[in-house]
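The values are calculated or read from the model by the stated rules, or taken from the named source; none is laboratory data. Computed from a predicted structure; not experimentally measured. Counting neighbours? That spans all protein chains shown, and the Cβs are built from the backbone with ideal geometry, glycine included. Just so you know, the surface numbers come from the protein's heavy atoms only, side chains and all, with ligands and any DNA or RNA stripped out. Shrake-Rupley method; radii C 1.70, N 1.55, O 1.52, S 1.80 Å.
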Amino acid sequence: MKKILLSLAGLLFVSSMSVSLALADSQESDPIVLPVRDDAGQNWVLKNEGAQYRLKWSFTSDSRYDIFDAKKLNDQMVVLHNFSKVLAVSNEGQVIWEQDGKSSELMTGADGSLLTFSGDYNDLDPNKTTSKAAVTRFNPDGTVLSRYKDLSLALVRRNHPTYMADRFYCVDWKGNLVALTDHGLTSFRADGTQNWQINELKVNDKAFDVFAMNTLLADVQGNLLVGIDNQLICLNDEGKVIWAIPNISPKSRIKWSG
């Protein structure tokens, strides 16, 4: 079965099975049979219910297991991602640029760059504690900025027993890759060299083990947010603790879960 990515001009929607992309317009009558099939082999049907749509463009994959992901970069361009490539597409379906490469995840960094991730499947093995990964970072114009190969990421298992583990990584506002490796929370420059590495975060008189984290985020102000146990800890881009708050705070009305 071919997996298909569709565009119908305005409304953006993504499904977990053979992703679809759609934009609203007033052209055709209801309903529209889409060239996407479910697991039973039946075509999806778009019911307009007051709004009308027209099919503008579509992408297909020969793999029955492929999944498309979509991220809107701006009003003129959407980045599409599947297991074999990343490509930027205009609203009219024109491919602006394309990058080949196997990856399972697509995300954006705090610096505005795009990030693709590929790894082994050690997170599915409850006996594994590390996972090898490759990360590619590139500009929204498709230019490759950095490649990280054979990263040894720590696998964090919060719920026992479980066959799933978490891997933590992000890109900070300066374009550094920050990841929880098997040696600790580590910041890498674009050339792969190390900025800093830490194994514990000290808040007042208590030390928190980074291997117990459940959240890792970067913001555009240069902060790193790390969730460990019942604390949300803020670091600067040099890995120094700035502040920490409980994840449930009556005064600040913050409730966060990783």
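When only the heavy atoms of the protein chains count and the probe is 1.4 Å, how do ILE96, ILE228, ILE245 rank by accessible area, highest first?
Values: ILE96 90, ILE228 0, ILE245 40 Å².
Output order, biggest surface exposure first: ILE96, ILE245, ILE228.
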Under 5 Å, built H, 5+ apart or other chain: amide partners of GLY222: TRP173
Pairs from LYS128/LYS149; LYS128/LYS240; LYS102/LYS174 whose Cα-Cα separation, in the structure shown, is over 23 Å: LYS128/LYS240; LYS102/LYS174
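Taking K and R as +1 and D and E as -1, what net charge do the other residues with C-beta under 15 Å from the C-beta of ILE242 add up to? Provide the component values of the computation, followed by the final result.
On the way: positive: LYS202, LYS240; negative: ASP172, ASP219, ASP237, GLU238.
Once positives and negatives cancel, what remains is -2.
Normalising by the residue count of the range 92-223, find the relative contact order in percent from Cα pairs under 8 Å and 6+ residues apart. Kindly include the intermediate steps, with their values, before the conclusion.
Values: 274 pairs, mean separation 25.4, N = 132.
Relative CO of the range 92-223 lands at 19 percent.
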Interchain or long-range residues, amide H under 5 Å from THR181's placed H: ALA154, THR186
Prolate/oblate/rounded label for the range 88-193 (Cα gyration tensor, a/c 1.5): prolate
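With every protein chain kept in place and ligands, DNA and RNA left out, what is the accessible area per residue of the range 86-227? Probe 1.4 Å, answer in Å².
Details: 7090 Å² over 142 residues.
Accessible area per residue, the range 86-227: 50 Å².
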³J(HN,Hα), Karplus 6.51/-1.76/1.60, whole Hz, each residue of the range 88-94, x for Gly, Pro: 9, 10, 6, 5, 9, x, 7
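All other residues with a Cβ under 10 Å from the Cβ of ALA218 taken together, and with Lys, Arg as +1 and Asp, Glu as -1, what is their net charge? Walk me through the intermediate numbers first.
Numbers: positive: LYS174; negative: ASP111, ASP172, ASP219, ASP237.
Residues near ALA218 contribute -3 overall.
Which trypsin sites (Lys or Arg not before Pro) does the range 105-164 hold that lie in a coil by DSSP with at most 12 other beta carbons within 10 Å?
Working: sites: LYS128, LYS132, ARG137, ARG147, LYS149, ARG157, ARG158; in loops: LYS128, ARG157, ARG158.
For trypsin sites (Lys or Arg not before Pro) across the range 105-164 that sit outside H, G, I, E and B with at most 12 neighbouring Cβ atoms in 10 Å, the list reads ARG158.
Multiply the residue gap between THR143 and SER84 by 0.36 nm, knock off their C-alpha separation, and tell me the result in nm, one decimal place. Kindly include the intermediate steps, with their values, before the conclusion.
Numbers: separation 59, 0.36 × 59 = 21.24 nm, distance 1.72 nm.
Gain in length upon complete extension: 19.5 nm.
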Calculated Rg and Dmax of the range 120-252 using C-alpha coordinates, Å: 15.3, 47
